[in-house]
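Here the structure is laid out as structure tokens; the discussion comes afterwards.
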Number of protein chains: 2
Amino acid sequence: MTNKDARTPASVQDEKSQEAGKSIGWHKAYVEGSRPDLRVPVRQVHLTNGKSVTLYDTSGPYTDPLVDTDVRRGLPPLRENWIIARGDTEEYAGRPVRPEDDGIKHTSPRGGLRNLDAVFPGRPRQPRRGRDGEAVTQLAYARRGEITPEMEYVAIRENVAPEVVREEIAAGRAVLPANVNHPEIEPMIIGKRFLVKVNANIGNSAVTSSIEEEVEKMTWATRWGADTVMDLSTGRNIHTTREWVLRNSPVPIGTVPLYQALEKVDGKAEELTWEIYKDTVIEQAEQGVDYMTVHAGVRLPYVPLTANRKTGIVSRGGSIMAAWCLAHHKESFLYENFEELCEILAAYDVTYSLGDGLRPGSIADANDEAQFAELRTLGELNRIARRFNVQTMIEGPGHVPMHKIKENIDLQQEICDEAPFYTLGPLTTDIAPAYDHITSGIGAAMIAWWGTAMLCYVTPKEHLGLPNRDDVKTGVITYKIAAHAADLAKGHPGAQEWDDALSDARFEFRWEDQFNLALDPDTAREFHDETLPAEPAKTAHFCSMCGPKFCSMKISQDIRREHGGSRAEIEEGMAQKSKEFAASGNRVYLPIAD
Amino acid sequence: MTNKDARTPASVQDEKSQEAGKSIGWHKAYVEGSRPDLRVPVRQVHLTNGKSVTLYDTSGPYTDPLVDTDVRRGLPPLRENWIIARGDTEEYAGRPVRPEDDGIKHTSPRGGLRNLDAVFPGRPRQPRRGRDGEAVTQLAYARRGEITPEMEYVAIRENVAPEVVREEIAAGRAVLPANVNHPEIEPMIIGKRFLVKVNANIGNSAVTSSIEEEVEKMTWATRWGADTVMDLSTGRNIHTTREWVLRNSPVPIGTVPLYQALEKVDGKAEELTWEIYKDTVIEQAEQGVDYMTVHAGVRLPYVPLTANRKTGIVSRGGSIMAAWCLAHHKESFLYENFEELCEILAAYDVTYSLGDGLRPGSIADANDEAQFAELRTLGELNRIARRFNVQTMIEGPGHVPMHKIKENIDLQQEICDEAPFYTLGPLTTDIAPAYDHITSGIGAAMIAWWGTAMLCYVTPKEHLGLPNRDDVKTGVITYKIAAHAADLAKGHPGAQEWDDALSDARFEFRWEDQFNLALDPDTAREFHDETLPAEPAKTAHFCSMCGPKFCSMKISQDIRREHGGSRAEIEEGMAQKSKEFAASGNRVYLPIAD
């Protein structure tokens, strides 16, 4: 999205910043809101024709040369004063951090009580929650008619009036995930009236990866445009990894608390209890997790509906809950304790991401009875969450062939009162492991066009292994393409200005501008230089694809030059100029040396 | 597409072949038709559970260990006897090959007359054409009610009755591009009732690349699934490159004769004449080009319609014709001589690919007046071509946002009497140079679902440079995904069997089968091995993504094992088995070592 005309970014940048920015083709600027501590970051691309294009920026302070970032200290607590100023929260001692929070056995020599200071070297802090269990959520404020600084912030980011933001949140059509214990985030909004958002998953697993790698993946993902990040760690150091990620993340962080709860019972699903789960949710809410996937829709009677499926239950959370339900032959403890869970989430402003534990894992299982039975339950839970003023979004599939995609979003919007839909792809075919960013990018673009608010990325490693740095980047870029294609198709105001700026640069052979406006300037430049590496090629009026003799854009330009610019001029002067053109022996392009 | 049950491939393979096949996970087999020289190649994937899956195969004799291929000799002329047996063609001396055909100046010391023997070392041959200018096209035969061996061949490939093939061709809803001078091809069909096809472009340019590279790119592209290949060479050795490509290609070859014609007038568009163009078409028809892009829809009055566009004319052929029209202030010589061109094409069975010279080159220009004015002319030309029994398909855009895609195919089908649509993407946004295989793969899947018969691939290098080997592969795989996703969405019979086979393998942890069934087995295997390289991991009931503790598929399997397989069994025994399960202290999975 460009907002070239709407607001002029405040000139808060000095020479140093502008210089640093130039080397990567853009510089970080800020748009100031109604108060000095409300400064919305944008990416300003300076074009060689003197114009500039302003793009949405998710990369956080890391791309601001004026901010000294240090992963051991964490990001500055941008929202802290806003939260305190509301006066509806209180600091408290909080739940002590226990060895098992990090997957360390009680008997381990490395065991023993620890606290957050030990977990993360940054500034000491106590957790915060709603005073007297009050719902301190953006939904509660919105319904009371309040426009919070967070709402104003996203209004500037989205180039809409703050009242639009408030209305969409109040109606439950959008969420603004912002835990009171995650003051570091730059607020963002998820809803069909706004830009389509992209989530990137990170997380170590039992098999591989480390804390530093996960923090690095998070900053890497947001640099390329991830709007939120889910930490799906399942191995050791799960608490500590999350703390580092949260303290360094400029975007909302999501988790699946069930994964950690299962670690605490040594992977024995049947030993899970509501108490262990609840304790884990509080642990994570105190750390600052902004949204949590809760598989409360996997109910006991739905499990048999998956029996005739080709690929059963493919959601980890879904399969854990199904195993628990069957082992005890009891209704899900998440479903049964949902109201209490709402009270907890409301006290921290944790947003629900109601998980689709029964999503289809293959083309054959798409849109089946199990999937839609669960969706109806999610609709019911959404209404309960609303009663408790908990912001809520709904997760969606999965593997779905193209002709069955629209039914997913249409039903979800109907059943869930237009709560934001948050889908994984969907993957439009099963036959291309190693390319599932593409099989799913197709489905993601379509379902976002039809109203999905956030897309969970899929990397090339899906079904095969853990994504590395390159896979994370490929996944994010692919999903930014899907999201932007959807913004265009929805006619989002301003979305096309970005395409137009790039196409203008292309037509006018401004190669550097093309690169700098690209979603991935580095790779665009690298690909160009592979065949025509010399510096003069950057100003050449052709490229290596067709060479100078066949460049259609050059011919088009020559036609305009020779025959006048506008249609009227061309039509009027066509016959006359045609004669001159022929007489001059002019060539539409220069033949290359033979 | 799988046709597991329909036909059993003849066991024409000996031990050697089976062995060779095993190492790459599949082996080449043939399905025999009504005569011994009608053997349709298929890719047979042998699964570890004893079953096999039969897939469409475009790779030609190169993947048959029983056939000795030699690029200097060319492929065996598979269709030669069929063509001769029809008795409606004659061999003749043909047009002598001239130095300028290869872009060599008359004055060059390397000049002088040459012949085809000098151009290609393979078997000497004379060109063939319809006797007394007769239309020797598959369309003519189909309309006469004849089912040719070519039609039977594609019927077997597509798993439909030969009569369906004949009907679709006769109605002009499908084309079977098969020049009588290209007997080497394995016949294939392009039409909305059949599997969606993919074209890969190759071609040297004035700037880079060599003959050998182009032949190599062609075999590489077909190995990964390209159904046709367009040779878009524009530099030196254009005639010789094409001869090598044709003699070695198992798939139909398309060209844009205008490119070579322009080389013959040293790149001066205004010096082009109908005579030079016609001579070039005959030259290429004698070589065996199966389909030709002809930009006869770029008419003089449409050129001014592009004046207010953001990116003018982006088709090379379109811009050349526009420049010619303006220079002479005359109607296009292609439009004016279209009937004579039809007569020539009919005599060789060259299929028209009526070019969209005015396609949009940016999101801003999509579906504009210029584009649709040309489309209406293409509809008119399609009807003329039909009068001459020339097979015809229609080319389509380009850059089109998602919400404007459907109008393209709907209008084309209406205006062009359901002639096959052959589109380039479309690209759904302009902002991602270096990822335009993805921006366009999204549009390609959608437009193919809605009825486009063939998709022209786009590689990551689009707009930036010439594709190399890796880019060609990425482009083809991306477009095979789009094509197959569309086959699924259209409910093409048998399409889903491929997905089902792969998903079964996934659910049953048959890793080798997953790899071998993948569109790209090599990369799928490589990605898996990156995190879990050991051989035992290939039989592990989990992968590195979640590790053994969180594998939802494993949990699903365990649920079925514990609680019975079918829904009835689960429902019936749920309570009872739940008790046993709890009592046994059984775990749904084994905890990993700590």
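Annotations for the structure displayed:
- Residue in segment A:294-315 that is surrounded by 23 or more Cβ atoms within 10 Å (Cβ to Cβ), touching a residue at least 12 places away in the same chain (Cβ under 8 Å), within 7 Å of chain B (Cβ to nearest Cβ) and not β-branched (Val, Ile, Thr) present: yes
- Residues that are farther than 25 Å from residue A:447 by Cβ and acidic (Asp, Glu) are absent from segment A:165-182.
- Verdict on residue A:275 being without any contact (Cβ under 8 Å) to a residue 60 or more places away in the chain and out of contact with any strand residue (DSSP E or B) (no Cβ under 7 Å at 6 or more places or on another chain): yes
- Checking every residue in segment B:368-377 against the condition of being of a type in the set (A, V, I, L, M), over 21 Å from residue B:254 (Cα atoms) and more than 23 Å from the chain's Cα centre (by Cα) gives at least one match.
- Segment B:519-542: number of residues that are more than 22 Å from residue B:53 (Cα to Cα) and at pLDDT 95 or above: 0
- Verdict on residue A:442 being within 13 Å of another protein chain (Cβ to nearest Cβ) and within 23 Å of the chain's Cα centre (by Cα): yes
- Segment A:210-233, subset at pLDDT below 95 and surrounded by fewer than 24 Cβ atoms within 10 Å (Cβ to Cβ), residue nearest to residue A:489 (Cα to Cα): A:232
- Checking B:154, B:165, B:196, B:175 one by one, the residue that is more than 25 Å from residue B:285 (Cβ to Cβ) and buried (at least 24 other Cβ atoms within 10 Å of the Cβ) is B:196 and no other.
- Conditions (1) touching a helix residue (DSSP H, G or I) at 6+ places or on another chain (Cβ under 8 Å); (2) closer than 18 Å to residue B:445 by Cα; (3) crowded, with 19+ Cβ neighbours inside 10 Å: number failed by residue A:412: (2)
- Qualifying positions in segment A:503-526 - part of a loop (DSSP other than H, G, I, E, B) and more than 9 Å from chain B (Cβ to nearest Cβ): A:508, A:509, A:510
- The single condition from (1) surrounded by fewer than 24 Cβ atoms within 10 Å (Cβ to Cβ); (2) within 13 Å of another protein chain (Cβ to nearest Cβ) that residue B:318 fails is (1).
- Residue within segment B:26-33 that is assigned to a loop (DSSP other than H, G, I, E, B) and more than 29 Å from residue B:504 (Cβ to Cβ) present: yes
- Residue among B:121, B:187, B:127, B:109 that alone is surrounded by fewer than 23 Cβ atoms within 10 Å (Cβ to Cβ), at pLDDT 95 or above and farther than 30 Å from residue B:465 by Cβ: B:127
- Filter pass, residue A:393 being within 14 Å of chain B (Cβ to nearest Cβ) and either in contact with a Ser or Thr (Cβ under 6 Å, 6 or more places away or on another chain) or closer than 28 Å to residue A:130 by Cα (or both): no
- Pairing each residue of segment B:139-157 that is over 22 Å from residue B:492 (Cα atoms) with any residue that is outside any helix (DSSP H, G or I) and hydroxyl-bearing (Ser, Thr, Tyr), provided the two are 6+ apart or on different chains, yields C-beta distances under 9 Å for B:139/B:351; B:139/B:392; B:141/B:148; B:142/B:148; B:149/B:34.
- Residue A:579 vs. criteria at pLDDT below 65, in contact with a Phe, Trp or Tyr (Cβ under 7 Å, 6 or more places away or on another chain) and either more than 7 Å from chain B (Cβ to nearest Cβ) or not in a loop (DSSP other than H, G, I, E, B) (or both): no
- Residue A:434 meets each of the listed conditions (1) more than 7 Å from chain B (Cβ to nearest Cβ); (2) part of a loop (DSSP other than H, G, I, E, B); (3) not charged (D, E, K, R) apart from (1).
- Comparison of B:229, B:281 shows that the only residue that is in contact (Cβ under 8 Å) with a residue 12 or more places away in the chain, in a strand (DSSP E or B) and of a type in the set (A, V, I, L, M, F, W, C) is B:229.
- Residue B:477 meets each of the listed conditions (1) modelled with pLDDT under 90; (2) at the interface with another protein chain (Cβ under 8 Å from one of its Cβ atoms) apart from (1).
- The number of residues in segment B:264-278 being within 14 Å of chain A (Cβ to nearest Cβ), assigned to a helix (DSSP H, G or I) and more than 12 Å from residue B:100 (Cα to Cα) comes to 3.
- Single residue of segment A:484-532 satisfying the filter (among the aliphatic types (A, V, I, L, M) and closer than 23 Å to residue A:27 by Cα) that is farthest from the chain's Cα centre (by Cα): A:505
- Taking segment A:321-343 as the range and being within 7 Å of chain B (Cβ to nearest Cβ) and touching an Asp or Glu at 6+ places or on another chain (Cβ under 8 Å) as the test, the residues that pass are A:323, A:326, A:327, A:328.
- Only one entry in A:373, A:346 is of a type outside the set (Val, Ile, Thr) and away from every other protein chain (no Cβ under 14 Å), namely A:346.
- Residue selected from segment B:63-97 under the condition within 23 Å of the chain's Cα centre (by Cα) and among the hydroxyl-bearing types (Ser, Thr, Tyr), by the criterion surrounded by the fewest Cβ atoms within 10 Å (Cβ to Cβ): B:69
The values are calculated or read from the model by the stated rules, or taken from the named source; none is laboratory data. The model shown is predicted, which means the values in this text are computed figures rather than measured ones. Glycine gets a Cβ as well: all are built from the backbone with ideal geometry, and neighbour counts include every protein chain shown.
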